[in-house]
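For reference, the structure is listed below as structure tokens.
The values are calculated or read from the model by the stated rules, or taken from the named source; none is laboratory data. Not measured: the values here are computed from a predicted model. Cβ placement follows ideal geometry from the backbone for every residue including glycine, while neighbour counts extend to all protein chains displayed. SASA here: full protein model, heavy atoms, side chains in, ligands and nucleic acids out. Shrake-Rupley method; radii C 1.70, N 1.55, O 1.52, S 1.80 Å.
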Amino acid sequence: MISFREALAAVRAHAPMLPVETVAAAQALGRVLAEDVVAPEDLPGFDNAAMDGFALGPAHLAFPPDTPIPVSRRQFAGDGHGVMDGGACQIMTGARLPLGAVAVVPIERVQLDGAWDAPGGLRIRLAETVAPDANIRRAGQDVQAGQAVLVAGTRLAPKHLLLLAALGIGVVVVRAVPKAAVLCTGSELLAEHEAPRDGHIRNANGPYLCAALAAMGAEVVLYRAVPDALEAYTDAVRAAEAAGAHVIVSTGAVSMGVHDFVPAALQSMRAETVFHKLAMRPGKPTLFALLPSGALLFGLPGNPMSSACGLRFFVQTALRAMQGRPPERPRHAVLMQALDKKPDWTLLQRAALADDDGVLRVQLLPDQESFRIQPFVQADVWALLPPDAAHLPTGSVLAVYPIDGAD
């Protein structure tokens, strides 16, 4: 057996980088950047007003408060270049700053005298001294042309699309979407909608794995339940390869039972088994192999939590590496109860988080057996209990990971 950490490193080392493609930025949600994005222009693109109010020239700033200042022009959002002509300029939020303006005073900080259509026109009196650059957004104050604004390996979220649109970036270079196949072994499996039959169970792993893979950014190209037969399994693996799967996730048939045929099937297909069996729970029998086609195959145990844990950590690690993403960094939380554990084993426990006045605390949930689904539904995170500790006192700091691995 190898350790949990060694297994993660092995997966990352063997995950091939996916090719790149260019896509429209508006359709790039969830895609992973293959190269840095460099701003082609300043943002804002020009000096503009941060408030509805009046643009002032340098002479106006020297006037004592309550001095009347004539208003000679207006500047609206969308107007082109304007020039200060001695008087103040009424200006709207986002409007381009007239040449010669050095500050903007908000409309609520002035007293208005007269009106545009009244004899003598409109005048303002300042309520207080105005500082240079007040309420002005300078060109490039947010982003400067030539600045790297997004780095390769970023998975694009809605906030990134906002920035791309603001900079006028219409296309981005991204990694190809990883394609995945899900194969659930077991002659006892029923579809989730089927009525129960004696000795059979519903295939709960399949729908979960497909949904979780999609949330991780993969496209599921094949989903199949496979009876307990070596030939049926090899046929399913070949079908997954033919569908273009980069990653094949199978459940069941990797332990020591009569029908645990996955290792023999992989040997018959001349696959290279990188590891099989880990010093971790849940998921001790987890298998990772390289197929001659280049696809990665993860043989996960059939118990729901063993399967979910294997997907969460090993498959997700592969997907991140294939898209050029950095290794995941956990959060850390303070353990709320003391516990003893088997030394030299990594335990991944379903747990709930609590924020105690800014201190993140983690409570391990009861009923951690790998067949139990309800605690998984109640959990916020996987808490990692490290192999080098046989006793963890209250107050120990643990690494914690979001429960399903989706960003």
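For the reader, a short list of remarks on this structure follows.
- Residue identified as open to solvent by 40 Å² or more (accessible area, probe 1.4 Å), over 24 Å from residue 17 (Cβ atoms) and of a type in the set (Phe, Trp, Tyr) among 233, 223: 223
- Matching residues in the range 255-266 - criterion: being open to solvent by 30 Å² or more (accessible area, probe 1.4 Å) and either among the β-branched types (Val, Ile, Thr) or modelled with pLDDT of 95 or more (or both): 258
- Check on residue 132, open to solvent by 50 Å² or more (accessible area, probe 1.4 Å), modelled with pLDDT under 95 and under 30 Å from residue 102 (Cα atoms): no
- So residue 156, is it within 30 Å of residue 245 (Cβ to Cβ), open to solvent by less than 30 Å² (accessible area, probe 1.4 Å) and either within 31 Å of the chain's Cα centre (by Cα) or not hydroxyl-bearing (Ser, Thr, Tyr) (or both): yes
- Residues of the range 278-304 satisfying the condition of being open to solvent by less than 60 Å² (accessible area, probe 1.4 Å) and assigned to a loop (DSSP other than H, G, I, E, B): 279, 282, 283, 285, 286, 291, 294, 295, 301, 302
- Scanning the range 223-258 for residues that are in contact (Cβ under 8 Å) with a residue 60 or more places away in the chain, under 20 Å from residue 277 (Cβ atoms) and not in a strand (DSSP E or B) yields 252, 253.
- The residues of the range 338-359 that are farther than 17 Å from residue 280 by Cα, free of Cβ contacts under 8 Å to residues at least 40 places away in the same chain and open to solvent by less than 50 Å² (accessible area, probe 1.4 Å), listed by number, are 352, 354.
- The numbered conditions (1) touching a residue at least 24 places away in the same chain (Cβ under 8 Å); (2) within 30 Å of residue 371 (Cα to Cα); (3) crowded, with 17+ Cβ neighbours inside 10 Å are all true for residue 149 except (2).
- Contact annotation: residue pairs with Cβ atoms under 7 Å, 6 or more positions apart or on different chains, pairing a residue in the range 62-84 that is in contact (Cβ under 8 Å) with a residue 40 or more places away in the chain and under 18 Å from residue 109 (Cβ atoms) with a partner that is in a loop (DSSP other than H, G, I, E, B) and open to solvent by 50 Å² or more (accessible area, probe 1.4 Å), are 65/127; 65/128; 65/129; 69/63.
- Boolean, residue 206 is over 22 Å from residue 293 (Cβ atoms) and open to solvent by less than 10 Å² (accessible area, probe 1.4 Å): yes
- Looking at 97, 164, just one residue is under 30 Å from residue 326 (Cα atoms), modelled with pLDDT of 95 or more and open to solvent by less than 30 Å² (accessible area, probe 1.4 Å), and that residue is 164.
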